[in-house]
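Step one of this worksheet: look at the structure below.
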Amino acid sequence: MSNLASLKLVASKKPRSIAPVLHRRNKLSTKLWEQIQFAKAQQEGKPFEPIKYRTVVDRETGLRRQVELPKRVKPWWFVADNGKVCVSVKYGSYTIELARGKPSVEVASASDLIKTLETIKVAVEAGELDAQIDAAANTLRSGFKSK
């Protein structure tokens, strides 16, 4: 019993579900991580092919099995009319406005692109874009409601 006496015991349980705000934040953070890895791979001249798993039913036997497939990642950056590279943050198919009327960040080079994506990822994890993520999620969700 003396071993347990040295520990700090608390009456806390593991939560059964995660709060929707944290779930959305983690989802966007994961997508930003993919964009950072994609930008790094492009800068090094290597392909970036994350793997996704898909369940497939064999028509002959009827058995279900998981198959590894390459995941398609589209870049969130583009070249603007003035020749500068701009980055937009997407939640699903919706582009998030980082400031009122400003959905993109202008960057000077590929190394700045990676730094910018990392800065946005830190801001998302800190909860600075929760209102914009919530608005994007509500807009996407409204498109799926039955009439």
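Which of (1) within 20 Å of Glu125 (Cβ to Cβ); (2) outside any helix (DSSP H, G or I); (3) in contact with a Lys or Arg (Cβ under 9 Å, 6 or more places away or on another chain) does Ile36 not meet, given it meets every other one?
Against the list (1) within 20 Å of Glu125 (Cβ to Cβ); (2) outside any helix (DSSP H, G or I); (3) in contact with a Lys or Arg (Cβ under 9 Å, 6 or more places away or on another chain), Ile36 comes up short only on (2).
Looking at the range 36-82 only, could you name the residues that are among the β-branched types (Val, Ile, Thr), closer than 15 Å to Ser109 by Cα and either at pLDDT below 90 or loosely packed, with under 10 Cβ neighbours inside 10 Å (or both)?
Within the range 36-82, the first condition is being among the β-branched types (Val, Ile, Thr), and the residues that meet it are 36, 51, 55-57, 61, 67, 73, 79.
From what is left, the residues that are closer than 15 Å to Ser109 by Cα are 36, 79.
Hit for the range 36-82 is Val79, nothing else.
Return the total of residues in the range 83-99 being within 29 Å of Ala137 (Cα to Cα) and loosely packed, with under 10 Cβ neighbours inside 10 Å.
2
When only residues in the range 54-108 that are of a type in the set (Gly, Ala, Ser) and farther than 24 Å from Leu129 by Cβ count, which is nearest to the chain's Cα centre (by Cα)?
Here is the first cut: in the range 54-108, the residues of a type in the set (Gly, Ala, Ser) are 62, 80, 83, 88, 92-93, 99, 101, 104, 108.
The next check asks that each one be farther than 24 Å from Leu129 by Cβ; those that pass are 62, 83.
On the way: Gly62: 34, Gly83: 27 Å.
This residue is Gly83.
If Val107 meets every condition in (1) under 21 Å from Asn26 (Cα atoms); (2) in contact with a Ser or Thr (Cβ under 6 Å, 6 or more places away or on another chain) apart from one, which number is that one?
All conditions are met except number (1).
Which condition number in (1) of a type outside the set (A, V, I, L, M, F, W, C); (2) surrounded by 10 or more Cβ atoms within 10 Å (Cβ to Cβ); (3) part of a loop (DSSP other than H, G, I, E, B) is the one that Lys27 fails?
Exception for Lys27: condition (3).
The values are calculated or read from the model by the stated rules, or taken from the named source; none is laboratory data. Quick caveat: nothing in here was measured; it's all calculated off a predicted structure. Reconstructed Cβ throughout: ideal geometry from the backbone, glycine too, with neighbour counts over all protein chains shown.
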